[in-house]
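Comments concern the structure below.
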Amino acid sequence: MTLPFHIDILDLVFKGILIGMLASAPMGPVGVLCVQRTLNKGRWYGFVTGVGAAVSDIIYAAITGLGMSFVMDLVTNERNKFWLQIAGSLVLLAFGIYCWKSNPTKRMHVSGKQKGSLVYNGVTAFWVTFFNPLIIFLFMAVFAQLAFVVPNHPVEMSVGYLSIVAGALLWWFGLTWLIDKIRGKFDTNGIVIINKVIGSVVIIFSVIVLLGTVFNLYHLPIY
């Protein structure tokens, strides 16, 4: 049964927002930089750091989606789609475990108190994120698991990609708001705690979707 147009769009919007938040949430170099700039320079300097990262992320998301659209014939078969989703879930699980175990403060760049312009802070964050192309593997995993790529539907996919940006901006806006509110009580231990919470959420999410995919095996045609 074909879903109505508006339901397809809402589905892509929800998935896009979720992908944007998942891609932005881990406390990598740009996440730590965002926290530091929020503490040292102010909330909006931290937020534009996140905006710069979001611009880089959407470029890699578009590259990933374009590449996957050329191989979507592989997932028109339900069995191929099943194994692709299993692989995506396992990659997400590994990513969550790595996120939970890692300590981003060990290699963090210390942000100075000299503010600079908002544009400068956004551009530097863009380049910090852009030179970390490993984000493509995360996008591949979530795109596969959520069946996000819809070939030959440019309007719908444009809405989906804009939703990824919206999800990323929601994350950075919420994070900088929280850090600004608790700035007097926040230190490097807080960064580690945030990373462990995010890792735990990703692990739980990946296990849930993995189990859902595995149990759906019984609905696959056998041939």
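Say each of LEU134 and ASP8 gets a label point 7 Å from the Cα, pointing the same way as Cα to Cβ; how far apart are those two points in nm? Between LEU134 and ASP8, the simple spin-label model gives 3.7 nm.
Multiplying the residue separation of ILE59 and SER200 by 0.36 nm and removing their Cα-Cα distance gives an extension gain of 48.1 nm.
Remark: spin-label model distance LEU170-ASN40 equals 3.1 nm, labels positioned 7 Å along the Cα→Cβ axis.
For region 152-209, the normalised intensity computed at q = 0.23, 0.24, 0.30 Å⁻¹ comes to -0.99, -1.01, -1.09 (log10 of I(q)/I(0), Debye sum over alpha carbons, equal scatterers, no solvent).
For region 36-47, backbone phi angles converted through the Karplus equation (6.51, -1.76, 1.60; θ = phi - 60°) give residue-by-residue couplings of 4, 5, 5, 6, 8, 10, x, 4, 5, 5, x, 5 Hz, Gly and Pro being listed as x.
When both region 153-194 and region 7-72 are represented by their alpha-carbon centers, they are found 8 Å apart. Ranked by solvent-accessible area (1.4 Å probe, protein heavy atoms only, all chains present), the residues TRP83, TRP100 order from largest to smallest as TRP83, TRP100. Each peptide among 126-136, 156-166 gets the average number of other Cβ atoms lying within 10 Å of its residues, and from highest to lowest they stand as 156-166, 126-136.
The values are calculated or read from the model by the stated rules, or taken from the named source; none is laboratory data. Everything numeric here is computed off the predicted structure, so don't read it as measured data. We place every Cβ from the backbone using ideal geometry, glycine too, and count neighbours over all the protein chains shown. Side chains are part of the model used for accessible areas, which takes the heavy atoms of the whole protein and leaves out ligands, DNA and RNA. Shrake-Rupley method; radii C 1.70, N 1.55, O 1.52, S 1.80 Å.
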